[in-house]
Amino acid sequence: MDQSETPVLDALTAYHERAYTPFTPPGHKQGRGIDAHTMAVLGRAVFGSDVLATSGLDDRMSTGRVLERAQELMAEAVHAEHTFFSTCGSSLSVKSAMLAVAGPHEKLVVSRDAHKSVVSGLILSGVRPIWVDPAWDPELHLAHPPRAEAYEAAFAAHPDARGALVTSPTPYGTCADLIGIAEVCHRRGRPLIVDEAWGAHLPFHPDLPTWAMDAGADVCVTSVHKMGGGLEQSSVFHHQGDLVDPHVLRARADLLGTTSPNVLIYAALDGWRAHMVAKGHELLDAALGRAHDVRATIEDIDGLHVNRAEFLGPDRAHDLDPLQIIIDISALGPTGYAAADWLREQHRINLHVSDHRRISAQLTYADDDRTTATLTHALRALAATPPMSASERAPIHVPDPRELRLEQEQLPRDAFFAETEQVSARAAIGRVCAEMLTPYPPGIPAVLPGERLTRPVVDYLTSGVSAGMVVPDAVDPGLDTIRVVADRTNIRRA
């Protein structure tokens, strides 16, 4: 195929050249109905290219195969058999993949460090999760992806599980042994889903961690807006092999997706793919060199340490994406939350993940010497700043990893839709949670619906919120109260 071809962008160009007059949505009619202030902020081009996918970008019967052709080009570019575009983010894509592998009451082996979108998929579907514990680092208080042996043990205990799901890379850049996990699944004739939301760039440079399709995954979900050049909400999911029916996968996506997809998102995906095929290796070469230099510069700043070697090893991560710069600031005193807030307020820098002791900066092929100099200048200022106030240094009670793992008393779906009550955080200890409690970012739930709350986890979350942690999915984000299953004596165990 001609990878310089851009079907969506070309169709948009033709739409403008032919000067169609729409009597269809969107109601702004290519910007004619937009007020001057909105137009000044967003620009005329945004509204001019906001057209329908059918009876707009393509005709009513989609005879131009515009989207189909763009997806075929993407599949070839990343070594997949099929690719599907999503304008609803990887939150939709991963749910579609899960529903294509397992149905209500069937089992799916899932890493417990999964994103909240995976848990949402469990709630919507009624799939029973068989949890695989991550590789916990008790010193750094960090979870790395589970080992292949953990998946082997899970399938041995639950041979009727329909497949498996793993998150790799994590938001911290740590990667699983995807080849090993795929082999575990395929020996049993079971498919592997990889939530590779942070890995859009991986197919385009050999010095990056192994791309899921090359590792043998059956379905791979990627958020192109995270590490690639897509607009927010742009996602693709790739498929290969015969363990998952691509027609079923498409049907599940159709079930969950919007009937009004945003053509702007399709267009950016189309253009990014052509750009990466043409220049991705060169651009990522420069990005990797820049990341190496940035890590060395930060490591020379007193009080800052860039995590890398200590993330890798037999009981840690299998690999690491070098474009995720993870910085341990525990020697400085303040939490990562306080440091991230200070850097935004004082230096107009927005960081990626922050936690009780770390901040992180995500580099991509789009960074340059100016942006990295801005980052390192701000980090020097952070290290030189006198200790922050007592409230900004509030301690977070991070429990032992074994205490973070809660007992699953009910299926996530059953607990989420159960009769519930809102009780104080103290009174919630010992009760079955009926909501997700997710420090964000990175969006990995500390508590799932159906898990029994314990004092260490409640202390962790409430002290974290006091220190700046954000838990946006809680009914009460301040965590003065927590939603629990109302009748604790009538629990049907998972």
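Dipole of the chain computed with +1 at Lys/Arg Cβ and -1 at Asp/Glu Cβ about the Cα centre; of 336, 24, 191, farthest Cα towards the positive end is 24. Could you tell me which residue out of 151, 427, 479 lies farthest along the dipole of the chain toward its positive end? Charges go on the beta carbon: Lys and Arg +1, Asp and Glu -1, centred on the Cα centre. Value computed over the given set: 427.
Note on residue 346 and residue 187: with the Förster distance fixed at 56 Å, the Cβ-Cβ geometry gives a FRET efficiency of about 0.55. Most tightly packed first, judged by the mean number of other beta-carbon atoms within 10 Å of their residues, the peptides 26-38, 110-122, 412-424, 163-175 read 163-175, 110-122, 412-424, 26-38. Assuming 0.692 mPa s and 37 °C, estimate D for the chain with Stokes-Einstein, Rh taken as the Kirkwood radius over Cα pairs, in µm²/s. In µm²/s, the coefficient is 137. Look at where the Cα atoms of segment 236-307 and of segment 12-73 average out, and the two centres are 25 Å apart.
Note on segment 1-61: Rg/Rh from Cα positions, Kirkwood definition for Rh, rounded to two decimals, is 1.03.
Both radii were evaluated on the Cα set of segment 308-413; the Rg over Rh quotient, with Rh as the Kirkwood radius, amounts to 1.04.
Relative to one another, the C-alpha centroids of segment 309-359 and segment 100-156 are positioned 24 Å apart.
Only Cα pairs under 8 Å and 6+ residues apart enter the sum, and on that basis the relative contact order of segment 120-272 stands at 15 percent. The count of lysine pairs in the chain that are at least 8 places apart or cross chains, and whose C-alpha atoms lie under 23 Å apart, stands at 6.
Can you pull the Kirkwood radius for segment 49-147, inverse mean 1/r over Cα pairs, to one decimal in Å? One decimal place: 16.5 Å for the Kirkwood radius. Using R0 = 60 Å, the C-beta based FRET efficiency linking residue 37 and residue 156 works out to 0.45. Local charge for residue 323 was computed over the other residues whose Cβ lies under 15 Å away, with Lys and Arg +1 and Asp and Glu -1, and equals -4.
Surface exposure of segment 30-157, expressed per residue as accessible area with a 1.4 Å probe, stands at 40 Å².
Here the contact order of segment 364-474, divided by its residue count and restricted to Cα pairs under 8 Å and six or more residues apart, works out to 30 percent.
Residue 400 contributes an accessible area of around 50 Å² to the protein surface, as traced by a 1.4 Å probe with all chains present. Sorting 246-257, 312-323, 425-436 by average packing, meaning the other beta carbons within 10 Å per residue, from highest down gives 425-436, 312-323, 246-257.
Normalising by residue count, segment 176-266 has a Cα convex hull of 99 Å³ per residue. Residue farthest toward the positive end of the dipole of the chain, with Cβ of Lys/Arg at +1 and Asp/Glu at -1: which of 111, 55, 351? Checking the options against the dipole of the chain, the answer is 55. Given +1 at the Cβ of Lys and Arg, -1 at the Cβ of Asp and Glu and no other charges, the dipole of the chain around its Cα centre is 1100 debye to the nearest 20. When the P(r) is computed for segment 352-486, the part past 23 Å accounts for 43% of the Cα-Cα pairs. Note: segment 406-490, Cα convex hull, 79 Å³ per residue.
The values are calculated or read from the model by the stated rules, or taken from the named source; none is laboratory data. Here the structure is a predicted model, which is why all the values come from computation and not from measurement. Cβ coordinates were reconstructed from backbone atoms using ideal geometry, including for glycine residues, and neighbour counts include every protein chain displayed. Calculation scope for accessible area: heavy atoms of the full protein, side chains included, ligands and nucleic acids excluded. Shrake-Rupley method; radii C 1.70, N 1.55, O 1.52, S 1.80 Å.
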